[in-house]
Every structure is written in structure tokens, then in C-alpha cells.
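The values are calculated or read from the model by the stated rules, or taken from the named source; none is laboratory data. All of these numbers come straight from a predicted model, not from anything done at the bench. Quick reminder, even Gly has a Cβ in these numbers, built from the backbone with ideal geometry, and neighbours come from all protein chains shown. Surface areas here come from the heavy atoms of the whole protein model, side chains and all, with no ligands, DNA or RNA. Shrake-Rupley method; radii C 1.70, N 1.55, O 1.52, S 1.80 Å.
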Amino acid sequence: MSILDDAIAAVTAAADQDAGIWDVAGQIPADVLGGLARKGLLCAQVPTEYGGLGLSSRDNGELTAHTGSLCGSLRSLQTSQGMAAWTVQRLGRAEQREEFLPKLAAGALAAIAFSEPAAGSDLSGMRTEITVDGDAIVVDGRKTWVTGAAYADLIVVFGRYGNGVGIAVVPSGTPGVTVYPIAAPSGCRAAGHSDVRLDKVRLPLTHLLAASGAPTTMLVTTALTYGRLSVAWGCLGMLIACRTAAVQHAAERVQFGRPLAEHQLVARHIAELTAAEQVARLVCEHASTAWDEGRPDHAVTAVFAKHVAARQATQGSASAVQLLASAGAHDDHPVARAYRDAKLMEIIEGSTEVCQLLLAEHAMAGAR
Ligand SMILES: Cc1cc2nc3c(=O)[nH]c(=O)nc-3n(C[C@H](O)[C@H](O)[C@H](O)COP(=O)(O)OP(=O)(O)OC[C@H]3O[C@@H](n4cnc5c(N)ncnc54)[C@H](O)[C@@H]3O)c2cc1C
């Protein structure tokens, strides 16, 4: 078996049965999460030299889609952990990579915090401040909707730093860090979304990533590009789950003397879902290939993939709910979870509107 096959088998063993229960309970059991994290499966692109699995973007995408087909919350945690690891890998210096990446690959759980009460789509409005005080840094501010913060050992925090942005790796047990889980999120309910308060949190200077001070757009885009690609593959996973459930139900359920699939208006839902899945797969593969080949357009292909896959997932999961009707109208059913989770994918890592603005800007740059 390949490393990817092993990884997929481990995720199946952990999440095949209980994702609906976790969603309703709003929590993934610590032993399940810890077990996957210790195998490096939440940040499988971390290079082998740091103890990671060293998967390519394409293979990590397949793993992410598989996770997403089983459990949107677990996939969300995979996205956050991967983003945190990528941020350290890309924006930290060698000693920082050596300090933090082996921890993340060996089981420490991580979250990544940009958003604030007054800074959502517009991160230039961040008010969290990172300042240097002798041989320490001080992080002071508020973060909101941080996926995985309820479980995290480390939170990668973005904040104002000099004339640009700083990035601090904040152990969540540090004095001054308080995590407030968000009650009853509408989707990905077991993903540990939380508000985080940082009250003059003091850390060694080594916790400030090396690229700190660079412009906001550059640093944020580096982290978000990983996140967008991961969310896109997760949306493909939702579509796989929806298409599988829809096809099975349409074959088995008989109304008006025939299986649902033989009624043409129902067959249309199956056709649309199948097309949505294929479209999502193609944009994901396109973007991961650009990443793996190190192409300069990899950031814009990730925006494109996330934008397209999230919209396909919203529409495809709605078709699946319609096709299953009362059979899928339970909170813990895969199509009901996908329907709720998919809408959130149009909000995070750059909302649909923000992606549209970025794609239009890219298109217009070609005309100048
Ligand atoms: C499930 C979930 C998980 C999340 N996880 C994280 C996380 O791990 N870390 C983190 O830091 N944050 C996280 N967030 C926060 C997320 O990044 C923000 O919700 C997102 O950036 C949008 O910000 P906002 O909600 O404040 O909406 P706003 O920015 O207030 O936008 C409201 C609406 O206006 C639109 N809009 C805003 N500006 C423009 C414009 N210029 N042109 C056109 N339309 C515009 C938006 O598209 C949106 O539809 C998460 C949010 C959710 C819901």
C-alpha cells in the first residue's frame, strides 16, 4: 500500500461511522483526533525531514477529499492544521521550522487566527498587536471564529507588527490566552470554532515567524492559498458523499411504481450532482498540479478552485437533500451535514464575493 492508501484507510477507520454523532454532539473525541494527529494525517504535506508524511498537494488533496466525504468537521481541522504548518514552513526561519513542524507532524494540534470582530473580509482592519519587548514578544487582541481553537495546542496568530503584519506561534496554555467555544455553529459543528482572547500574551522572540513585518497581503495570501486549496478538495469530498447517497437512494426508493432514478426530474438531480463533482475534481486537480509544479499562477488557481468547488458543493448538496427528501432530513445524515457545511465553505478563506473580486482583478490585469 502507498502512504496515501494507508492514510485514507486510517481516516476511514476513524471517521466512517461516527461523523453524524460528532456533529450533533459538537465534538470529536480526543482519542480519535489525537490518534490521527499523531500519525501526521492532519498536516500530511509536512516534509519527511520534519517527521511529516511528505505528501504532494495532489495526494494531500485526495486525502482531504476523502476526509471531507466522511466528516466536514474533521476536514476543517485538517485544513487548519495544514495551514498552520504551511505558514511555519513558508514564513519561518530554519530553527522555527525545526522547532514547530515536528511537533505538528507528531500530534500537537494547531489553529490559525486572522479574523477579528471588526476584521473579516478586510484583514487590513486587524487590531491585534504584536510588539517586541526586549527578548520577548507581546501579543494583545481578540480573534474570532478560529477553527480548531477549542482543541489546539498552538495557535498561529496574525496581528499588526510595525508597518506590516506579524505572525506569532502562541501555545494555547500561555498565560493570557482564553478560548471561548462558539455555541451552535450552523455547520462543521464539531470543528471547535472559538473566539480567542489574547491579553498581553508574552512569548520568547523565537515565536515570531521570520517573515513578520512584510505586507499584509503577502503573508495572508501565503497562508490562505493552502487553505483555499484544502477547502476546495473538502468540497469535492462533500460532493462525493452527496452523489453516493443520492444514487443509492434513487435506485432503491420506489414511487409511482418505479425507482426514483427513472423519473426524469429526479434523474436531472443525479446528472447535476455528477457534473458538480466532476467540475470540482477538475479545478482541484488543476490547482494542486500548479502547486506541485511550483507555478507562479498557483495562488490564483487556488482561488479559482475554492470559488468553483464551494459553489458546486452548495448547489450539489441542495440537490442531494431534495432528492432524498425526508430520508435525508436528519441533522446527522451525510447530505444534511453537507448542505449545512457547504454554505460555510462560501464564507471562509475568502468569501464567494471576495474570490470574485480577486478573479476579476486577475482577469483585468491581463487587459492592462
Ligand atoms: C465556519 C467558519 C470557520 C472559520 N474559520 C476561521 C479560522 O480558522 N480562522 C480565522 O481567522 N477566521 C475564520 N473564520 C472567519 C472567516 O474567515 C470570516 O467569516 C470571513 O473572512 C468573512 O468575514 P465576515 O464573516 O466578518 O464577513 P464580512 O467581511 O462582514 O462580509 C459580509 C458579507 O459582505 C461581503 N463583502 C465584504 N466585503 C465585500 C466587498 N468588498 N465586496 C463585495 N462583498 C463584500 C462578504 O462576501 C460577505 O458576504 C471562519 C468563519 C466561519 C463561518
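For region 268-302, which residues satisfy the criterion of being more than 18 Å from Asn60 (Cβ to Cβ) and under 16 Å from the mean Cα position of the chain (by Cα)? Even if it seems obvious, please write down each step before you answer.
As a first pass, look at region 268-302 and keep what is more than 18 Å from Asn60 (Cβ to Cβ): 268-279, 296-297, 300.
None; the set is empty.
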Which ones in region 337-359 are open to solvent by 20 Å² or more (accessible area, probe 1.4 Å) and assigned to a helix (DSSP H, G or I)?
-> Arg337, Tyr339, Arg340, Lys343, Leu344, Glu353, Val354, Gln356, Leu357, Leu358, Leu359
Taking region 110-156 as the region of interest, how many residues are within 9 Å of the ligand (Cβ to nearest atom), aliphatic (A, V, I, L, M), open to solvent by less than 10 Å² (accessible area, probe 1.4 Å) and in a strand (DSSP E or B)?
-> 4
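Before we move on, is Ala287 under 17 Å from Thr64 (Cβ atoms) and touching a His at 6+ places or on another chain (Cβ under 8 Å)?
Numbers: under 17 Å from Thr64 (Cβ atoms): yes; touching a His at 6+ places or on another chain (Cβ under 8 Å): yes.
When the stated conditions are applied, Ala287 passes them.
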Please list, ordered by first then second residue, the pairs with beta carbon atoms under 8 Å, 6 or more apart or interchain, first in region 106-134 and within 30 Å of Ala44 (Cβ to Cβ), second within 10 Å of the ligand (Cβ to nearest atom) and open to solvent by 70 Å² or more (accessible area, probe 1.4 Å).
-> Ser115/Trp145; Ser121/Glu353
Would you check which residues across region 217-252 are over 24 Å from Ala19 (Cα atoms) and buried (at least 16 other Cβ atoms within 10 Å of the Cβ) and list them?
-> Leu219, Val220, Thr221, Thr222, Ala223, Leu224, Thr225, Tyr226
Here the residues within region 171-193 that are part of a strand (DSSP E or B), away from the ligand (no atom under 13 Å from the Cβ) and of a type in the set (A, V, I, L, M) are Val177
Can you name the condition, by its number, that Ile240 falls short on among (1) modelled with pLDDT under 95; (2) within 19 Å of the chain's Cα centre (by Cα)?
-> (1)
Pro171 versus (1) crowded, with 17+ Cβ neighbours inside 10 Å; (2) under 23 Å from the mean Cα position of the chain (by Cα); (3) not small (Gly, Ala, Ser): which is the lone unmet condition?
-> (1)
